[in-house]
1. Can you list the HN-Hα couplings for the stretch 125-132, worked out from phi with the Karplus curve (6.51, -1.76, 1.60; θ = phi - 60°), rounded to whole Hz and with x for Gly and Pro?
2. Which residues among the stretch 102-128 fall inside the zone where the amide N is under 16 Å from a point 7 Å beyond the Cα of Glu14, along Cα→Cβ?
3. Would you work out which of Gly143, Leu56, Leu11 lies farthest towards the positive end of the dipole of the chain? Charges go on Cβ: Lys and Arg +1, Asp and Glu -1.
4. Give me the percent of accessible area attributable to carbon and sulfur for the chain, probe 1.4 angstrom.
5. Helix-only estimate, please: 222 nm mean residue ellipticity of the chain, summing -39500 (n - 2.57) across DSSP H runs of length 4 or more and dividing by its residues, to the nearest 500.
6. If one puts a single equal scatterer on every Cα of the chain and applies the Debye formula without solvent, what log₁₀ I(q)/I(0) results at q = 0.13, 0.14, 0.17 Å⁻¹?
7. State to the nearest 20 debye the size of the charge dipole of the chain about its Cα centre, where the only charges are +1 on K and R beta carbons and -1 on D and E beta carbons.
8. With θ set to phi - 60° and the Karplus curve 6.51 cos²θ - 1.76 cosθ + 1.60, what are the ³J(HN,Hα) couplings of the stretch 63-75 in order, to the nearest whole Hz, using x for Gly and Pro?
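The values are calculated or read from the model by the stated rules, or taken from the named source; none is laboratory data. Computed from a prediction, not measured in an experiment: that's the story for all the values here. Cβ coordinates were reconstructed from backbone atoms using ideal geometry, including for glycine residues, and neighbour counts include every protein chain displayed. Please note that ligands, DNA and RNA were not included when accessible areas were found on the heavy atoms of the full protein model with its side chains. Shrake-Rupley method; radii C 1.70, N 1.55, O 1.52, S 1.80 Å.
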Amino acid sequence: MIHRDRLTARLDGEFAVFLIGMRINRPWAVHRWWPVASAMPKMLRELYTQPELGLLSHEMWFSRTILLVQYWRSMDALLAYAQDRQAVHLPAWQAFNRAIGTDGSVGIWHETYLAGPGRYENVYVNMPAFGLGKAGELQPARGGLQSAAARLRAQGVSAPATSGEDATPPAPR
């Protein structure tokens, strides 16, 4: 469902943003990259069927580099899942190291960020619930929430307004 309003998302407390992906370095070597690419959907199924593990939401993009953005309840939950011997992740990681290692056929990477009140802001216009808006709670970006600086100030961050930044955006057509 497309939300035609101007919205912002809030998530109570600290949370972790996890970027993870793979890069297909040898596209013709399907037998090398397909097992790596097919491991993530299994992990996502496990995480969504067990919300107590801490995954809140994710987004995914496909091209030569596959990118997932994941939102986790906490850094502790993310790290616990990564190290859980009963979960899907650890055997998949071990299989990657055995089968691919550093042969150059498939690249994998991740970046992890800890976020919390006063350390993020967002806006969504003409979008379905997306990203942090899917992980958190959407609310109208009106009044004191119309600009990036205003949204940060609302969380207690000293953020200066720039010329015209706090102006009301034009009404939707």
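1. With coefficients 6.51, -1.76 and 1.60, one gets 9, 6, 10, x, 4, 8, x, 5 Hz.
2. Residues 112-120 fall inside that zone.
3. Leu56
4. On the way: 5940 of 10210 Å².
Ligands and nucleic acids excluded, carbon and sulfur give 58 percent.
5. Working: 6 runs with 50 residues, N = 173.
Rounded to the nearest 500, it is -8000 deg cm²/dmol.
6. Rounded to two decimals, the profile gives -0.76, -0.84, -1.06.
7. Numbers: 18 positive and 14 negative charges, 105 e Å.
In debye, rounded to 20, the chain gives about 500.
8. Karplus values, whole Hz, x for Gly and Pro: 6, 4, 9, 8, 10, 10, 10, 10, 10, 10, 4, 7, 5.
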